[in-house]
Amino acid sequence: MRSFFQSVLKHIDRLDAANLREQYRLLTDENDALGRILEMTDRGVVSLDARGDITYANPAAKTLLGDNLEGALGALGITPGSALKVETSVDYPESRTLEIRTLPSERITLVYIRDTTAEKKRTEEELRAGAAKAVCDLAAGVAHEIGNPLNAIAMNIQMLERDPTDRESLEICKNQVKRLDGIIRDFLAALRIRKPVLAPGSPADPLRSCLAALKQQFVERSIHVTVDIPATLPPVALDKDQIEQVFFNLVKNALEAMKDGSSLAIEIGADDRDVSVTFKDSGAGMTEDQLTHLFEPYRTSKEKGTGLGLMVSKRIVTDHGGTIAVTSKPGEGTTFVVMLPRIERRVRQLRCRDDEAP
Ligand code: ADP
Ligand code: MG
């Protein structure tokens with residue numbers, strides 16, 4: 001349809017009044033039909049102009065996000081011009097899980113909102129039901145994966161027995177042990193569906209531990225890491241081990257997406273709702289298609305990837321009442337933002353719910 005109107009536009013100078021009227025009528029019909037679809041659908045659609053002002057919002061968008069759409073989109077960090085996919089939970093007008101995507105083009109940015117509450121519940125039930133099978137599949141995968149590193153270690157230990165000064169064999173053993181550690185870490189994390197044990201704290205602590213664990217890799221690969229942590233931060237309720245796991249997965253992915261000598265910028269910030277931790281890498285970035293399937297299990301673009309890291313990370317953050325958002329452009333890099341709700345917000349939300357109770 002678009003190409004039809006584009007060809008009309010091309011020849012518009014040659015059309016007479018009757019012809020123009022006819023094309024205009026067609027366009028109006030088309031516009032009406034699209035308008036009716038947008039009015040009927042349960043998917044929210046909002047369009048923003050380049051300044052971020054709302055130029056259109058269908059009824060579903062208001063049902064899902066409330067009448068104060070500008071405020072809601074602002075609170076969710078939606079800005080024009082960037083491709084974003086985020087799953088988030090909202091408490092107003094109703095408690096829901098929403099998937100929000102933005103589709104930017106030159107002049108307008110479309111925001112597409114889908115209610116995934118029921119789907120998520122179903123997925124969780126399916127996950128529980130399929131847990132036994134998943135454990136078997138995972139275990140089979142792990143058994144297969146650890147074979148090669150174990151063989152390599154066995155061989156190189158034999159070499160070391162012959163020549164204890166053989167640094168190359170020692171290096172290979174060390175690397176293979178690291179690889180085994182990674183496989184086991186991913187496996188255990190994928191199995192561990194325990195609820196977080198929350199205590200007040202700062203995400204700066206698990207971030208520091210995670211960076212310390214990876215320091216050697218930064219040095220070896222000349223990755224320039226900048227870390228910006230404000231002097232004071234409002235407390236969040238977190239399970240430090242689990243959040244460290246999330247940060248580790250994100251930084252590891254960033255490392256795997258970047259060339260040696262690239263830079264990674266990490267920043268902690270806070271607003272009146274959340275404390276956010278941003279990881280901005282200068283790696284390969286992701287395509288639209290990769291973004292669409294991000295966070296799904298077993299989706300990996302790596303020969304030795306498990307495709308479980310992000311699924312586990314998202315689950316942990318969701319269990320903390322937070323969200324993970326991602327923006328990415330092929331060739332330019334990827335930014336992940338982990339948002340954890342401030343303790344005051346949790347308390348406020350609980351109070352509101354108490355107040356609402358009859
Ligand atoms: P794995 O790392 O084992 O592949 P993950 O769940 O951690 O599994 O990541 C899934 C996929 O998402 C990766 O294979 C990669 O294609 C993509 N990805 C994740 N993080 C980044 C990033 N920072 N830059 C580019 N691609 C990424
Ligand atoms: Mg990973």
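Readers should treat all values here as calculations from the given coordinates under stated rules, not as data from a laboratory. All figures in this text were calculated on a predicted structure; none of them were measured in a lab. Glycine also receives a Cβ, built like all others from the backbone with ideal geometry; neighbour counts cover every protein chain displayed.
Summary table below
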| item | result |
| --- | --- |
| Sites Glu22 and Leu103 - FRET efficiency at Förster radius 30 Å, r taken between beta-carbons, to 0.05 | 0.45 |
| Dipole magnitude of the chain, debye to nearest 20 (Cβ charges: Lys/Arg +1, Asp/Glu -1, about Cα centre) | 420 debye |
| Pairwise label distance in nanometres, Thr300 with Asp272, each label 7 Å out on the Cα-Cβ vector | 4.5 nm |
| Percentage relative contact order, the chain, counting C-alpha pairs under 8 Å, at least six apart | 12 percent |
| Net lengthening on full extension, Ala199/Asp319 (0.36 nm per residue, minus Cα-Cα) | 41.9 nm |
| Those residues of the range 59-73 whose amide nitrogen sits under 19 Å from the label point placed on Tyr92, 7 Å along Cα→Cβ | 60-73 |
| Pairwise FRET efficiency - Thr117 versus Thr287, Cβ, R0 = 25 Å, nearest 0.05 | 0.35 |
| Radius of gyration, Dmax [the range 2-115; alpha carbons; angstrom] | 17.3, 55 |
| Whole-Hz ³J(HN,Hα) from phi, Karplus 6.51 cos²θ - 1.76 cosθ + 1.60, for the range 179-186, glycine and proline x | 4, 4, 4, x, 4, 5, 4, 4 |
| Formal net charge of residues neighbouring Ala50 (Cβ-Cβ distance under 10 Å; K, R +1; D, E -1) | -1 |
| Listed pairs Lys178/Lys252; Lys120/Lys252; Lys195/Lys215; Lys252/Lys314; Lys178/Lys259; Lys62/Lys329 exceeding 18 Å between Cα atoms | Lys120/Lys252; Lys195/Lys215; Lys178/Lys259; Lys62/Lys329 |
| Volume in Å³ per residue [convex hull over Cα atoms, computed for the range 199-348] | 109 Å³ |
| In nm, spacing of pseudo-spin labels at Asp29 and Gln216 (7 Å Cα→C-beta vector) | 7.1 nm |
| Nonlocal amide H pairs with Arg342, under 5 Å, H built at 1.01 Å | Asp274, Val275 |
| Simple spin-label estimate for Ser82 and Val225 in nanometres, 7 Å along Cα-Cβ | 2.2 nm |
| 0 to 90° range, to nearest 10: angle between helix 131-162 axis and the chain longest Cα axis | 40 degrees |
| Under the Karplus curve 6.51 cos²θ - 1.76 cosθ + 1.60, θ = phi - 60°, whole-Hz ³J(HN,Hα) for the range 224-236, x wherever Gly or Pro sits | 8, 10, 10, 10, 10, 10, x, 4, 10, 9, x, x, 10 |
| Largest-first principal axis extents, alpha carbons of the chain, Å | 94, 61, 45 |
| The chain - share of DSSP beta bridges that are antiparallel (%, nearest 5) | 90 percent |
| Span from the the range 282-331 Cα centroid across to the the range 41-61 one, whole angstrom | 26 Å |
